[in-house]
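> Sharing a structure with you now.
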Amino acid sequence: MKKAYLILDDGQVFEGYRFGAEGDAVGELVFNTGMVGYIETLTDPSYGGQIVLQTFPLIGNYGMNEEDWEGKPAPSGYVVREWCDTPSNFRSTGTVDAFLKKAGIPGIFGVDTRQITRIIREKGVMNAIIADSVPADLSALHTYTITDAVKKASCDTPAVYPAQGEEKHKVTLIDYGCKKSTIRWMTAQGCTVTAVPCHTLAGDILAGNPDGVVLSGGPGDPTENTEYIEEIRCLLGKVPMLGIGLGHQMLALANGGKTIKLKYGHRGANQPAKEIFGHRTYITSQNHGYAVETDSIGEGGRVTMINANDGTCEGIEYPALRAFSVQFDPETCSGPLGKNPLLDQFINWMGGTNNAAE
């Protein structure tokens, strides 16, 4: 086994062993608390520019399967305690190591992931590098920033995804780094989804006469996307809108809100989102390092959900604009008998009797 090193921006060094692709990896080091779902993590566009550390100690035991991919492989690097080279799953088509090699993602294993997680929780997210030796010059590590994240994650050309069964609604999804599960969630409810690139103009979207617009999730700092936020502002009140993840943050910015960077973010499959005006608490899947400042929401909006752990904003509604947004992946939560009240709300707004701004 070939030695490798994980060097943190604060100077701490962890010795481990190389797996995955060769070469150095520089990125923002974040941790994911999921016990399963590493396939989805490795292919989630929201991890663009980041080195992902898995807190669960064994990764790869059920192999890899491209049918479960959420998008193109996104992380800059991968950190695990132990990886399984003999997966056992009838759906498996390969190992994590082979996947990382093919995707060009360097990895390191054999490091104390619990200790590193504690460091991030105490000091906050920081830059890191995976390398074969400790570089003498760490300037690239200290100065690294994630830039043009959405532009890199978005689709290049529009794509249409037909509704499953009878078409009930036509939805335009602005792709800021969309997950495939979001599209599957919409098409399963009778929505034909047209995914368009992040730079698509509001006028072109409205010319397609959609019943609703979805602002997808994606990577990076939401405030970096000023030109896309301006296009969202041009859509407000003209068509029902649903914002997810990064789309939730950008919708708030378009309405005059503000966002903040969290100390270490929410990344995992067990984040509790609690209703303010109801009784439900959704156990949700999340992947974000920024949040909307609750106090920045103007009179036209109201916070509808908060994170039960730290009180950060999880949902906002703009009734007069027929728009609402959630910080989490809505397809991962459901109500009684599988009904999803979040999707029901969006579909009701697209119902035909309220398709013009009041």
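> Within the chain, what is the longest stretch that has no trypsin sites (Lys or Arg not before Pro) placed in a DSSP loop and near at most 11 other beta-carbon atoms within 10 Å?
92-279
> Moving to a separate point now. Report the residues of the range 8-50 in range of a label on Asp132: point 7 Å along Cα→C-beta, backbone N strictly under 18 Å from it.
15-26
> What are the GluC sites (Glu not before Pro) within the range 1-96 that DSSP puts in a loop, where the Cβ has at most 11 other Cβ atoms within 10 Å? Mind showing how you got there, number by number?
Numbers: sites: Glu15, Glu22, Glu28, Glu40, Glu66, Glu67, Glu70, Glu82; in loops: Glu22, Glu70.
Loop-located and lightly packed - Glu22.
> How tilted is helix 113-123 with respect to the longest principal axis of the chain? Cα atoms for both, answer in degrees (0 to 90, nearest 10).
60
> Using only the alpha-carbon atoms, how far is helix 226-235 inclined from the longest principal axis of the chain? Give it as 0 to 90 degrees, nearest 10.
Helix 226-235 and the main axis of the chain meet at about 20 degrees.
> Here's something else I'd like to know. Per residue of the range 179-185, in order, report the coupling 6.51 cos²θ - 1.76 cosθ + 1.60 (Karplus, θ = phi - 60°) as ³J(HN,Hα) in whole Hz, putting x for Gly and Pro.
8, 4, 5, 5, 5, 4, 4
> Just add up the charged neighbours of Ile116: K/R +1, D/E -1, any other residue whose Cβ is under 13 Å from the Cβ of Ile116.
On the way: positive: Arg81, Arg114, Arg118, Arg121, Lys123; negative: Asp9, Asp10, Glu15, Asp112, Glu122.
So the surrounding residues net to 0.
> Report the GluC sites (Glu not before Pro) located in the range 296-332 that are in a DSSP loop and have at most 10 other Cβ atoms inside 10 Å of their Cβ, or state none.
Numbers: sites: Glu299, Glu314, Glu317, Glu331; in loops: Glu299.
Passing sites in the range 296-332 are Glu299.
> Decide, for the chain, between rounded, prolate and oblate: order the square roots of the alpha carbon gyration tensor eigenvalues as a ≥ b ≥ c, take rounded if a/c falls under 1.5, and otherwise choose prolate if a/b is larger than b/c, else oblate.
In terms of gyration-tensor shape, prolate.
> Quick one: which residues, 5 or more positions from Ala4 or on another chain, have an amide H under 5 Å from its amide H? H modelled 1.01 Å from N in the peptide plane, none for Pro or chain starts.
Gly16, Tyr17, Arg18
> OK, next. Out of residues 5 or more away from Gly190 or on other chains, whose amide H comes under 5 Å of its own, with H placed 1.01 Å from N in the peptide plane?
Amide H neighbours of Gly190: Gln164.
> If you don't mind, there's one more thing I want to ask. To the nearest Å, what is the center-to-center distance of the range 240-295 and the range 93-128, using C-alpha atoms only?
25
> For the range 229-346, rounded, prolate or oblate, judged on the Cα gyration tensor with a ≥ b ≥ c (square roots of eigenvalues), a/c < 1.5 rounded, else prolate if a/b > b/c?
Oblate.
> Before anything else, pin down the relative contact order of the chain: Cα pairs under 8 Å, at least 6 apart, normalised by residue count, whole percent.
The normalised contact order for the chain reaches 14 percent.
> So what is the relative contact order for the range 141-223, in percent, with contacts set as C-alpha pairs under 8 Å and at least six apart? Numbers along the way, then the final one.
On the way: 148 pairs, mean separation 33.5, N = 83.
Relative contact order of the range 141-223: 40 percent.
> If amide hydrogens are placed 1.01 Å from N in the peptide plane, which non-local residues have theirs closer than 5 Å to the one on Ala323?
Under 5 Å from the amide H of Ala323 lie the amide H atoms of Met241, Tyr318, each far enough along the sequence or on another chain.
> Related question: Percent of accessible area on the chain owned by carbon and sulfur, 1.4 Å probe?
50
> Quick one: longest stretch of the chain between exposed loop chymotrypsin sites (Phe, Trp or Tyr not before Pro), exposed meaning at most 11 other C-beta atoms within 10 Å and loop per DSSP?
Values: sites that count: Phe90, Phe277.
Answer - 91-276.
> Another question, then. P(r) of the range 271-324 in 10 Å steps, Cα pairs, percent per bin?
Values per bin, smallest distances first: 24, 54, 22.
> As a test of the formula, what do you get for the chain when each DSSP H run with n ≥ 4 contributes -39,500 (n - 2.57) and the sum is divided by the residue count, at 222 nm and rounded to the nearest 500 deg cm²/dmol?
-5500 deg cm²/dmol
> Separation between the Lys2 and Glu230 pseudo-spin-labels, each 7 Å from Cα along Cα→Cβ, expressed in nm?
Distance between label points: 4.6 nm.
The values are calculated or read from the model by the stated rules, or taken from the named source; none is laboratory data. Quick caveat, the model's predicted, so the values are computed rather than measured. Because the Cβ atoms are built from the backbone with ideal geometry, glycine has one as well, and the counts that use them run over all protein chains shown. We work out accessible area using only protein heavy atoms, side chains counted, and drop any ligands, DNA or RNA first. Shrake-Rupley method; radii C 1.70, N 1.55, O 1.52, S 1.80 Å.
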